[in-house]
Amino acid sequence: VQFELRLGTYRAVTLVQIACLLALSNWLLDPAQLKLSLKRAMGRPKSGFVFAVLLATAVVAYLAGPVLGHRTPRAALEQTLSYRVSDDKLSLFFPPDTDPLLVDGLFDDAVFSLHQVEHYLDLSTDRQIAVFFFKNNEQRSRLMGAGNIPVAKPWRREVYLVLREPPHPALRHELVHALTARIGQGPFRLAGRLGGFLPNPGLIEGIAVAAEGPGGELTIHQWAAAMQRLELLPALDDLFGLGFFWRNASSAYTTAGSFCDWIRQRFGAAALKEIYHSGSFEAATKQTLDALERDWQEFLRNTPLEEDDLSVARHRFDRPATLNKICVHEVARLNRDAAQYASMKQWDKSLRLYSEAYTKSGESPHARMRLFYALVDSGRTETMQREAVA
């Protein structure tokens, strides 16, 4: 894990903000009645002073954010990514040395993708969407923080991507997030409870997966049907809540996307938008989520699949969730110890550790190849053959 000074200062500012909230509670909140008390505040001037100092520190730290590397104002982004093309709905920003042919291709891709998304949701953007294309992950990490993943900020109608040849693999998905800000709630314009303050990741990502359209060798419903037949399909009451993060990412995104697309097919785009806005399936469809799930699963049972499709789906979806995986350092330690035993020809210990590393890595292909090569070196031909065809 690489440590950067700006990460250290950002964490320090976060601690100051937390301390500020605690100091405010200590100053104003009566612990006996759990109510705000002006009388308590008047009798505790020192607590008020501590709060004021912490608040001032937090404000100064926020204002110094661009200097500390905590955030980059949009004006600075536009200055760095100064090659701009736009129309009435989109503004695309590129590094100044970007190939004009690539710019034209990505602009056409963005215009077409936004048109398709608007048609799918029967929703037009209410203001111009900005798409920032960075030269690479390192530049995106340095300028806005997200190094390895595409990101959108719906409340700002902004999308942050790395340059790719069109059609861009993440562009349409992130444009959905920017567009659905029109029907989201709260300051972040998202689907969720408590006015959007408690996001519903199943709805947020499900509607984006559904609206981005087909991709890959199977349709989204075929992928979901394959999971159903393999008994890997997540329950919807898990997905449309914070349980979303405890599922394998591929299965969670695909399942939520299939269900959202089925809702649109069955009840129309208006119902899907109402669900996104209110979070209530029953209000939009007059059916409970359990009843909807039963009908959707029946739809999946009637979705045609080939036997080979199930094998591909098993490889894609039969993995642990990100939050359930063992730390990569633990996997690296197991591989290192296994290699050491292999160098001493202690194959029983070596193969046991390689097998444990494979399991704890989430059955990654790289870990499996390490195990396979160790079997080759150990001369255990029968086991090696079983692993090769498994």
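The values are calculated or read from the model by the stated rules, or taken from the named source; none is laboratory data. This one's a predicted model, so the numbers in the text were calculated from it and none came from an experiment. For neighbour counting, all protein chains shown are included, and Cβ atoms are generated from backbone atoms with ideal geometry for every residue, glycine included. Surface areas here come from the heavy atoms of the whole protein model, side chains and all, with no ligands, DNA or RNA. Shrake-Rupley method; radii C 1.70, N 1.55, O 1.52, S 1.80 Å.
Looking at 188, 132, just one residue is more than 30 Å from residue 235 (Cα to Cα) and not polar (S, T, N, Q), and that residue is 132. When you check residue 32 against the structure, is it of a type in the set (Gly, Ala, Ser), open to solvent by 20 Å² or more (accessible area, probe 1.4 Å) and at pLDDT below 95, yes or no? It is true that residue 32 is of a type in the set (Gly, Ala, Ser), open to solvent by 20 Å² or more (accessible area, probe 1.4 Å) and at pLDDT below 95. Listed conditions (1) among the hydrophobic types (A, V, I, L, M, F, W, C); (2) within 13 Å of residue 203 (Cβ to Cβ); (3) open to solvent by 30 Å² or more (accessible area, probe 1.4 Å) are all met by residue 283, apart from (2). Candidates 167, 201: the one that is over 13 Å from residue 273 (Cβ atoms) and open to solvent by less than 50 Å² (accessible area, probe 1.4 Å) is 201. Once segment 255-270 is narrowed to residues that are open to solvent by 10 Å² or more (accessible area, probe 1.4 Å), assigned to a helix (DSSP H, G or I) and not polar (S, T, N, Q), the residue that is farthest from residue 225 (Cα to Cα) is 270.
Would you pick out the residues in segment 175-191 that are touching a residue at least 12 places away in the same chain (Cβ under 8 Å), of a type outside the set (Val, Ile, Thr) and open to solvent by 10 Å² or more (accessible area, probe 1.4 Å)? Passing the criteria: 177, 182, 185, 187, 188, 189, 190. Count, please, the residues in segment 72-82 that happen to be open to solvent by 60 Å² or more (accessible area, probe 1.4 Å) and not charged (D, E, K, R). So the count comes out to 3. For residue 26, the criteria (1) over 30 Å from residue 145 (Cβ atoms); (2) surrounded by fewer than 13 Cβ atoms within 10 Å (Cβ to Cβ) hold in every case but one, which is (2).
Within segment 51-78, residues that are at positive phi reach partners that are surrounded by fewer than 17 Cβ atoms within 10 Å (Cβ to Cβ) and not in a loop (DSSP other than H, G, I, E, B) with beta carbons closer than 6 Å, at six or more positions or on different chains, in the pairs 69/6. Under 8 Å between Cβ atoms, which residue pairs at least 6 apart in sequence (or on different chains) link something in segment 6-21 that is closer than 15 Å to residue 53 by Cα with a partner that is open to solvent by 80 Å² or more (accessible area, probe 1.4 Å) and not hydrophobic (A, V, I, L, M, F, W, C)? Pairs found: 13/62. Of the residues making up segment 35-49, those that are touching an Asp or Glu at 6+ places or on another chain (Cβ under 9 Å) and surrounded by 11 or more Cβ atoms within 10 Å (Cβ to Cβ) number 3. Name the single residue that is farthest from residue 184 (Cα to Cα) among those in segment 130-165 being in a loop (DSSP other than H, G, I, E, B) and of a type in the set (Lys, Arg). Out of the qualifying residues, it is 135.
Here residue 103 fulfils each of the conditions (1) buried (at least 17 other Cβ atoms within 10 Å of the Cβ); (2) touching a residue at least 40 places away in the same chain (Cβ under 8 Å) apart from (2). When restricted to residues that are in a helix (DSSP H, G or I), open to solvent by 20 Å² or more (accessible area, probe 1.4 Å) and at pLDDT 95 or above, segment 292-307 contains 7. Taken over segment 112-142, the criterion of being surrounded by 15 or more Cβ atoms within 10 Å (Cβ to Cβ), touching a strand residue (DSSP E or B) at 6+ places or on another chain (Cβ under 9 Å) and under 17 Å from residue 166 (Cα atoms) is satisfied by 114, 131, 132, 133, 134, 135. Mind checking which residues of segment 241-253 are modelled with pLDDT of 90 or more and either in contact with a strand residue (DSSP E or B) (Cβ under 7 Å, 6 or more places away or on another chain) or open to solvent by 10 Å² or more (accessible area, probe 1.4 Å) (or both)? The answer is 253, and nothing else.
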